[in-house]
Amino acid sequence: MRTILGIDQGTTGSTAMVLDVDMNVLARVGVEFPQHYPRPGWVEHDPEEIWGSVQAAVTAVLEKADVRKSGIEAIGITNQRETTILWDRATGRPVHRAIVWQCRRTADICRRMKEEGLEPLFRERTGLVLDPYFSGTKAGWILDSVDGLRARAERGDIAFGTVDSFLVSRLTGEHTTDPSNASRTLMYDLRAGRWDEELLGHLRVPATMLPRVLPSSHVHGRTRGLGFIPDGIPVAGVVGDQQAALFGQACFSPGDAKCTYGTGAFMLMNTGEEAVSSSSGLLTTVAWQIGDRTVFALEGSCFIAGAAVQWLRDALRVIGASSEVEALAAVSDPMSEVVFVPALAGLGAPHWDPAARGALLGLTRGSGRAELGRAVLEGMTLQIRDLALAMEKDAPAGLGALRVDGGACVNDLMMQLQADVLGRPIVRPRVVETTGLGSMLLAGLATGVFEDMDAIRARWGVDREFTPSMDCAKRDRLLDRWARAVAAVRLFGS
């Protein structure tokens, strides 16, 4: 049997998948790894723990799928973006823990750069804002925090990469990335399609550290010396997780949009071969590159989505398992006015307020576990509505139905709430783990497993569509409470 192996390296765990040529997922295995919080607002991963989780997931999924390793045609990699790793080129060993995309430690660096008037330059070249979210300031921080590291980097002894680069290096020995990941670093000129020397100078990151940028659907290298998988398998799909989900949702035409509900929530719209500049607080990013053709997207990012349900489970112990939140919220008091703003790591797009903090407002003596559960689900969907409004202002094609994926999209109550607050249909596909799927499809295109994108589109299918049904007056009250709550948390953080 001809198969494709997918590695979906996420924020809290690594997932391995096996796909056959008919786009059936034969097996899926996830392995979690620890999160490290050395200070409030700081988030780190141990790259060796990431690599260990990948090895474990791949080994387990191949056994579960019961397929011949020799039948693996290609490997696709998708990854948590912006998370930054520096390693020694000679040994492959990391020189510092990975700084995770959620980490806010470089907020002061970003603030100083804004005060120096640099944000318009970065915005124009990269499509991004100066925020701790992105990789460039993280890399500079590591260089300044480890004794002698900057000198080693300038000599060419140190490699920089987002997680995709680190995994490609471990799998193949090559140091590469793709434009979708490069475009999240603050170091990549979107329209020129290359690393930008001027931006590197402002960030104080030596160009010698950077990986080669190859297309998303392209052979980046071949496996060697691993043991748990054979030598010679092409790593042929490399793409950031949210762009992978856009591809896995078959959003191939301008105006097609999806939202992925993971640790955070990410809404992307395909804008075709035009890099549309946002005036509404969104990001312009590379969606993917196939051959010489680069496709762009508008993106809105919310830092906390599924992590809010984990917070209910782990910190407040309101639920015993994340899956319990739907049933809990379903029995909440319909007259409750509790609002939850999930700014547990600041507010992302379109507000970009790293000082904002999460809040529960509107509590009464009658507010209990169910009302908290409902407020958390509503807060997750309302922040997506803010992204959708911003996207409609910027997007030439406008926004129609929204395709959804990720772990939380199996929550029917939440998807109905999303349709209600958006006022648009929500479409859930048969395969909801579309990040891993997207990377495998790109790998299949590069190696001839899939003929073209039309063949992929023909195989994509719908599981369920949710249409708006909330009473207009109730919706207006909910939206008004949300707007006032967001204003309150931003004022509190100022």
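Mean sequence separation of contacting Cα pairs (under 8 Å, at least six apart), scaled by the length of the range 21-175, corresponds to a relative contact order of 24 percent. Dipole of the chain computed with +1 at Lys/Arg Cβ and -1 at Asp/Glu Cβ about the Cα centre; of 60, 343, 202, farthest Cα towards the positive end is 343. Taking the Cα centre of the chain as reference, the dipole from Cβ charges on Lys and Arg (+1) and Asp and Glu (-1) amounts to some 660 debye.
Ellipticity at 222 nm from helices only: DSSP H runs of n ≥ 4 in the chain, each -39500 (n - 2.57), divided by the residue count, give -11000 deg cm²/dmol. Across the chain, C-alpha contacts under 8 Å between residues 6 or more apart give a mean separation that, scaled by the residue count, equals a relative contact order of 15 percent.
Among the chymotrypsin sites (Phe, Trp or Tyr not before Pro) found in the range 181-287, those both in a DSSP coil and sparsely packed, with 16 or fewer other Cβ atoms within 10 Å of their Cβ, are 228.
With the simple model of a label 7 Å out from the Cα in the direction of the Cβ, residue 324 to residue 455 spans 4.7 nm. Straight-line cross-link partners of residue 69 among the aspartates and glutamates, defined as a Cα under 20 Å from its Cα and at least 8 positions apart when in the same chain: 8, 20, 22, 231.
In order along the range 96-101, the phi-based Karplus estimate (6.51 cos²θ - 1.76 cosθ + 1.60, θ = phi - 60°) of 3J(HN,Hα) comes to 6, 4, 5, 8, 7, 3 Hz; Gly and Pro are listed as x. Put simply, the amide H of residue 226, placed in the peptide plane, has no neighbours under 5 Å, leaving out anything fewer than 5 places away on its chain.
A 1.4 Å probe, protein heavy atoms only, puts the accessible area of residue 202 near 80 Å². Taken about its Cα centre, the range 2-125 carries a charge dipole of roughly 260 debye when the Cβ of each Lys and Arg holds +1 and the Cβ of each Asp and Glu holds -1. Distance between the 7 Å Cα→Cβ label points at residue 361 and residue 69: 5.7 nm. From most to least packed by mean Cβ count within 10 Å, the peptides 402-412, 428-438, 269-279 give 428-438, 402-412, 269-279. For residue 194, the amide hydrogen comes within under 5 Å of the amide hydrogens of 189, counting only partners 5 or more places away or on other chains and with H modelled in the peptide plane. Taking the empirical scaling 2.2 N^0.38 Å for compact globular proteins as reference, the range 58-106 has a Cα radius of gyration ratio of 1.69. Counted residue by residue at 0.36 nm each, then reduced by the alpha carbon distance between them, the extension gain from residue 475 to residue 42 reaches 152.2 nm. When the Cα positions of 16, 468, 492 are compared along the charge dipole of the chain, 492 comes out farthest toward the positive end, with charges on each C-beta of Lys, Arg, Asp and Glu. Bridgeable lysines around residue 114 (alpha carbons under 21 Å apart, same-chain partners fewer than 8 residues away excluded): 138.
Accessible surface ranking for 253, 280, 1.4 angstrom probe, highest first: 253, 280. Average 1/r across all pairs of distinct alpha carbons in the chain, invert it, and you get the Kirkwood radius: 22.7 Å. Working value for the range 1-149: equivalent-ellipsoid semi-axes of 35, 18, 13 Å, each the square root of 5 times a Cα gyration tensor eigenvalue, largest first.
Using a cutoff of 8 angstrom between alpha carbon atoms and counting only pairs six or more residues apart, the relative contact order for the range 203-271 works out to 20 percent. Only lysines eight or more places from residue 393 in sequence, or on another chain, were considered; those with a Cα closer than 18 Å are 258.
Residues in the range 201-208 carry Karplus couplings, in order, of x, 5, 7, 6, 10, x, 5, 4 Hz; the curve used is 6.51 cos²θ - 1.76 cosθ + 1.60 with θ = phi - 60°, and Gly or Pro positions show x.
Ranking 425, 404, 445 by Cα position along the charge dipole of the range 392-479, where only Lys, Arg, Asp and Glu carry charges on their C-beta atoms, puts 425 farthest toward the positive end.
The values are calculated or read from the model by the stated rules, or taken from the named source; none is laboratory data. In this text, all values refer to a predicted model and were calculated from it rather than measured experimentally. All Cβ positions, even for glycine, are placed from backbone atoms using ideal geometry, and neighbour counts span all protein chains on display. All accessible areas refer to the heavy atoms of the entire protein, side chains included, with ligands and DNA or RNA removed. Shrake-Rupley method; radii C 1.70, N 1.55, O 1.52, S 1.80 Å.
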